[in-house]
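S.K.: I have a structure I would like to understand better, so I am pasting it below and will then ask my questions one at a time.
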Amino acid sequence: MPETRNKILWVDDEIELLRPHILFLEEKGYLVRPAANADDAISLVRREAFDLVLLDEMMPGKDGLTALAEIKEINPSLPVVMVTKNEEERLMEEAIGSRIDDYLTKPVNPSQILSTCKKILDTRKITGARVSRDYIAEFNQIARTLLEPLTWQNWIGLYLRICEWEIELDRHPDLSLRQMLAEQKRECNAEFSKFIEKHYKNWVKPNGGAPAERPLLSPDLVRHYVLPLIQQSRRVVFLVIDNLRLDQWLTIEPLLRDRFTIAKEYYLSILPTATPFARNAIFAGNFPLDIEQQHPEMWEKDKDDETSLNRFERQLLEAQLEEMGVRLKPEPKYIKILDVNEAKNVEKQIGSLADLPLLALVINFVDILAHSRSDSEVLREITPDESAYRSLTKSWFEHSSLFRMLSELASRGNTVILTSDHGSIRGMRGAKVIGDRETSTNLRYKYGRSLKVDAKHAIIVKDPRDYRLPSAGINTNFLFAKEDFYFVYPTNYHYYLNYYRDSLQHGGVSLEEMILPVVRLEPR
């Protein structure tokens, strides 16, 4: 018998005939309060707290549907099960439309009643126990997996499982398992950083192998996912949501399932996992070093302004399509959406844009949200943890112009390739870095002359060419923060350590920043 007994109000004009059923429920641990008419039931709901109402549909005087409306006015969240002799579809639809939680058809037997009560009252507890049991088993499996040599395919699968568990635990915030999962993800990030440090250079070498022999990286996306659709004469929308993580995608994915058939794959962002490098690589189909060499006029050095560094994405995409021998009529269109007004303007044009053979859309809202959280006490207040950040992302998407645009594209038959250029991680630990005043200002990656940092906290790139990165001069090197570290200079160290702690950052090496979804949305 449970320590806290669920309290049920059973309303029926023949309540005396139901005494055996009531005794059966009480033997199973429920507390049942009987009422012989609707008026008495409504008075009881006003005075007492109930967990569930069993409500007869046909009673003398005030009927069940009328009583239901009054009960919901008093307590909108109180679950109500309608019990009826009438099997008419119209009545059932009317009751369901009046916000009942279930209905039963008379005559009812004790097992039916018990099953319904358990489904409504005990589902959360039963499901929570199952989730706890399953996660403990998964936790132990992940711990064993980390002891084995892992491939990049293993890491993608492992991170996907972690993200799926994060979403699952969002539904059960009272299980107290989030901290356990967060600590395990931190351990995974420590091992993932070692894995990237060991293998990344080989992946990005000019002869580093075809994508089949390494993970898909940022420069592979257009050729691998967009080009085949263009060759099939499909109308394609290539959608890049800046700074959208895998866990955020999993949160918004259910909103699109009734409009699209969804196929998910995954790729790894290049380093640094920051917009000027990763997104330029996507649109150019090349690594930053190659972009600088082939298009020097499109590669600006020594600037940290990410907006200005991505001014040439349209030209880079056009150059990549030309290199692949793609010539489209009408010509492809590239649109970058930086604010709400621009989004509304594009939404108004989406009907005509849908007729293009290729539309490239870049949406910056999630990136703006991540940066704004660092500066806004209000945003930090409403997104104190990862679960709240996912929830806010879902809320934005559900009410956004982008969601409405995708719905319109689905109705017009466009195929959408949706992806992100990089993710973000909450910076929780500071790493002291030494550099001169010309060093870049980013928190998760830096480039400059003779930079120094503890190798436990960062990947130190002495020769940028090893990572297919441009060099800004003699003795230029790059640093990529590992795990959840962020770079802080010795000057005013403790002030900046506290100032940037728990801010969302990108540019470094972590599962959250590097492993990203590539989603093919086919209209239903």
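The values are calculated or read from the model by the stated rules, or taken from the named source; none is laboratory data. The structure presented is a predicted model; accordingly, all values stated were derived computationally and were not measured. Cβ coordinates were reconstructed from backbone atoms using ideal geometry, including for glycine residues, and neighbour counts include every protein chain displayed.
S.K.: Only residues that are among the aromatic types (Phe, Trp, Tyr) and modelled with pLDDT under 95: list them for the range 278-301, please.
M.R.: Residue satisfying the conditions is 299 alone.
S.K.: Report whether or not residue 240 is surrounded by 16 or more Cβ atoms within 10 Å (Cβ to Cβ), in contact (Cβ under 8 Å) with a residue 40 or more places away in the chain, within 21 Å of the chain's Cα centre (by Cα) and assigned by TED's automatic domain parsing to the domain that holds residue 387.
M.R.: yes
S.K.: Being in a loop (DSSP other than H, G, I, E, B), closer than 18 Å to residue 373 by Cβ and among the hydrophobic types (A, V, I, L, M, F, W, C) is the filter here; which residues of the range 425-452 pass it?
M.R.: 428, 443
S.K.: Any idea how many residues of the range 372-399 are more than 12 Å from the chain's Cα centre (by Cα) and among the small types (Gly, Ala, Ser)?
M.R.: Within the range 372-399, residues that are more than 12 Å from the chain's Cα centre (by Cα) and among the small types (Gly, Ala, Ser) number 3.
S.K.: All but one of (1) farther than 26 Å from residue 272 by Cα; (2) surrounded by 14 or more Cβ atoms within 10 Å (Cβ to Cβ); (3) not acidic (Asp, Glu); (4) not assigned by TED's automatic domain parsing to the domain that holds residue 137 hold for residue 203; which doesn't?
M.R.: (1)
Residues are listed down the side, and each one gets a yes or a no for (1) of a type outside the set (Ser, Thr, Tyr); (2) buried (at least 16 other Cβ atoms within 10 Å of the Cβ):
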| site | (1), (2) |
| --- | --- |
| 245 | yes, yes |
| 248 | yes, yes |
| 251 | no, yes |
| 275 | no, yes |
| 285 | yes, yes |
| 299 | yes, yes |
| 315 | yes, no |
| 320 | yes, yes |
| 341 | yes, no |
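S.K.: Let me ask something else about it. Could you tell me how many of the residues in the range 1-38 are exposed (fewer than 15 other Cβ atoms within 10 Å of the Cβ) and under 19 Å from residue 62 (Cβ atoms)?
M.R.: 1
S.K.: Restricting the search to the range 225-260, which residues are among the acidic types (Asp, Glu) and farther than 22 Å from residue 426 by Cβ?
M.R.: Residues satisfying the conditions are 253, 258.
Okay, residues lined up against (1) within 25 Å of residue 338 (Cβ to Cβ); (2) touching a helix residue (DSSP H, G or I) at 6+ places or on another chain (Cβ under 6 Å); (3) surrounded by fewer than 14 Cβ atoms within 10 Å (Cβ to Cβ); (4) in the same structural domain as residue 337 (by TED's automatic domain parsing):
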position	(1), (2), (3), (4)
394	yes, yes, no, yes
437	no, no, yes, no
440	yes, no, no, no
445	yes, no, no, no
468	no, yes, no, no
476	no, no, no, no
491	no, no, yes, no
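S.K.: Scan 437, 444, 449 and give me the residue that is under 28 Å from the mean Cα position of the chain (by Cα) and farther than 30 Å from residue 359 by Cβ.
M.R.: Answer to the check: 444.
S.K.: For the range 15-39, what are the residues that are closer than 20 Å to residue 100 by Cβ and either assigned to a helix (DSSP H, G or I) or free of Cβ contacts under 8 Å to residues at least 24 places away in the same chain (or both)?
M.R.: Those that are closer than 20 Å to residue 100 by Cβ and either assigned to a helix (DSSP H, G or I) or free of Cβ contacts under 8 Å to residues at least 24 places away in the same chain (or both): 15, 18, 21, 25, 38, 39.
S.K.: If a residue has to be in a helix (DSSP H, G or I) and either under 22 Å from residue 119 (Cβ atoms) or among the aliphatic types (A, V, I, L, M) (or both) to count, how many in the range 40-56 make the cut?
M.R.: Residues in the range 40-56 being in a helix (DSSP H, G or I) and either under 22 Å from residue 119 (Cβ atoms) or among the aliphatic types (A, V, I, L, M) (or both): 4 in total.
S.K.: Then there is this: Answer with yes or no whether residue 418 is touching a residue at least 60 places away in the same chain (Cβ under 8 Å), outside any loop (DSSP other than H, G, I, E, B) and not assigned by TED's automatic domain parsing to the domain that holds residue 247.
M.R.: When the stated conditions are applied, residue 418 does not pass them.
S.K.: Right, residue 200: of a type in the set (Ser, Thr, Tyr), under 23 Å from residue 459 (Cα atoms) and modelled with pLDDT of 95 or more or not?
M.R.: yes
S.K.: Kindly indicate whether any position in the range 219-232 is more than 30 Å from residue 387 (Cα to Cα), assigned to a loop (DSSP other than H, G, I, E, B) and modelled with pLDDT under 95.
M.R.: Looking for residues that are more than 30 Å from residue 387 (Cα to Cα), assigned to a loop (DSSP other than H, G, I, E, B) and modelled with pLDDT under 95, one finds none in the range 219-232, hence no.
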